[in-house]
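For reference, the structure discussed in these notes is given below.
The values are calculated or read from the model by the stated rules, or taken from the named source; none is laboratory data. As the structure is a computational prediction, the values presented were derived from the model and not from experiment. Neighbour counts are summed over all protein chains in view; Cβ atoms, including those assigned to glycine, are modelled from backbone coordinates with ideal geometry. Accessible surface areas use protein heavy atoms only, side chains included; no ligands, DNA or RNA. Shrake-Rupley method; radii C 1.70, N 1.55, O 1.52, S 1.80 Å.
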Amino acid sequence: MILSIVGFSILNIYALDKLQLGGVDGYFRFYEMSVDDKIMMCNDFPMPVNFNSFKIIIFYENKLLGTFMGDGTSIMPHSFFDARGKYISESYAQSQYLFMHFDHLFGGSDPTIRIDPRNMNVITEFHTSIMGIPYSVTEQYSSFDFWNMLNDKNNMSC
């Protein structure tokens, strides 16, 4: 019994690591994440994936800019899920200002923007547990890599 619980937990952690993220309707913008309350998730694993909560943490110049947080759920195999969350920041106006600039820069709209995108980093965290012991699956991205990943039409294979 314990062996099967541990085995399921390890598979769940693997599936969380492979969970695909994308913008709603295949369109992601940092600014939209700060005002909308959804992000798309895709479980392409052949078993359900479970997590207790998730966070998308954004840093600019090594300082916390804000966090998009959501509750946990179970996502069935080979299916999409619109994960609801809320963006929280101590400087909401600064977040939106930077997000608009980065969205224009990454979208190719305005190559003359003087804000350096290398100063923004994104960390994703999925919180789960192994036999009641908290465990986090964490990935770190550059802002550009995160933006590209969430806008890649081939990223969501459900």
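Residue pairs whose Cβ atoms lie under 6 Å apart, sitting 6 or more positions apart in sequence or on different chains, and linking a residue in the range 84-102 that is farther than 23 Å from ASN151 by Cα to a partner that is open to solvent by less than 90 Å² (accessible area, probe 1.4 Å) and part of a helix (DSSP H, G or I), are SER89/SER95.
Can you confirm whether the range 126-148 contains a residue that is part of a strand (DSSP E or B), open to solvent by 30 Å² or more (accessible area, probe 1.4 Å) and under 17 Å from LYS38 (Cβ atoms)? No: zero hits. Taking the range 56-81 as the range and being open to solvent by 70 Å² or more (accessible area, probe 1.4 Å) and in a strand (DSSP E or B) as the test, the residues that pass are LYS63, LEU64, MET69, ASP71, PHE80.
Number of residues in the range 6-53 that are open to solvent by less than 60 Å² (accessible area, probe 1.4 Å), more than 18 Å from PHE80 (Cβ to Cβ) and in contact (Cβ under 8 Å) with a residue 12 or more places away in the chain: the value is 8.
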